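Accompanying notes for the structure given below.
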Amino acid sequence: MTSSQTTPPQAPDRIYRSPAGIAGGVALILMGAWLGGDAVVNGEGRTPWTVLAVLLFVVPIVVAFTIRPAVFGNEDRLRVRNPFRDITLPWAAVSGFRSGYSNEVFDEAGTKYQLWSIPVSLRGRRKAQRQQLRATKGGRTPTGASGLPVTEPRSPGDQIMDELRELHGTRAEAETSQGTPTTRWAYEIIAPAFAGAVLLVVLIALG
């Protein structure tokens, strides 16, 4: 009689995206569909084809920079979905993170990957610094209702980076977190944008 071992279910991904970026992208696409649709229906000559070519080129680019970017983190790896690439980094392959004018992750080889979906908000940082300054005015350590010290205020983007650093620190040595980085080009974005650009060039060349 044999006993079977069951693998515990993996924790779901933590997903980090930019709500403002998604909202802006959707608004741009809806505006383009409205204006472009009118031109396609009512345009004359080559105008409908030109508009279609422009939309075929522009819409994937808008999607790439606004709706597509996301960062997924679980107990085994970090997956970065940037405008034109998907990067998968097992935690053991991550050497560290950096937050400056952009948020970035580095692999063990020193390669840098920008985290597009976690934008840096200098305004948010200044707001957090002002809150901390007010809380510590007079040399007092701020405390909450429980009497314990209050955590230093952080901007939303910096809080996300802190979570990723913590996840990396606790999971980098795990057996399931070993491996090497892999990269995949986002052909679902690149192909239609390239096709639209080629069609637009041909239409312009034909006059």
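Counted residue by residue at 0.36 nm each, then reduced by the alpha carbon distance between them, the extension gain from A109 to T180 reaches 24.5 nm. The listed residues W34, W49, W116 rank as W34, W49, W116 when sorted by accessible area, largest first, using a 1.4 Å probe.
Let me have the relative contact order for the range 27-86, percent, based on Cα pairs under 8 Å that are six or more residues apart.
Here the relative contact order equals 22 percent.
What's the FRET efficiency of D86 with V41 using the Cβ-Cβ distance as r and R₀ = 22 Å, to the nearest 0.05? FRET efficiency, D86 to V41: 0.05.
Quick one: in the range 11-116, what % of C-alpha pairs are over 16 Å apart?
Beyond 16 Å sits 66 percent of the P(r) for the range 11-116.
The values are calculated or read from the model by the stated rules, or taken from the named source; none is laboratory data. The shown structure was predicted, so the numbers you read here are calculated from the model rather than taken from an experiment. All Cβ positions, glycine included, derive from the backbone under ideal geometry; neighbour counts span all protein chains shown. Accessible surface areas use protein heavy atoms only, side chains included; no ligands, DNA or RNA. Shrake-Rupley method; radii C 1.70, N 1.55, O 1.52, S 1.80 Å.
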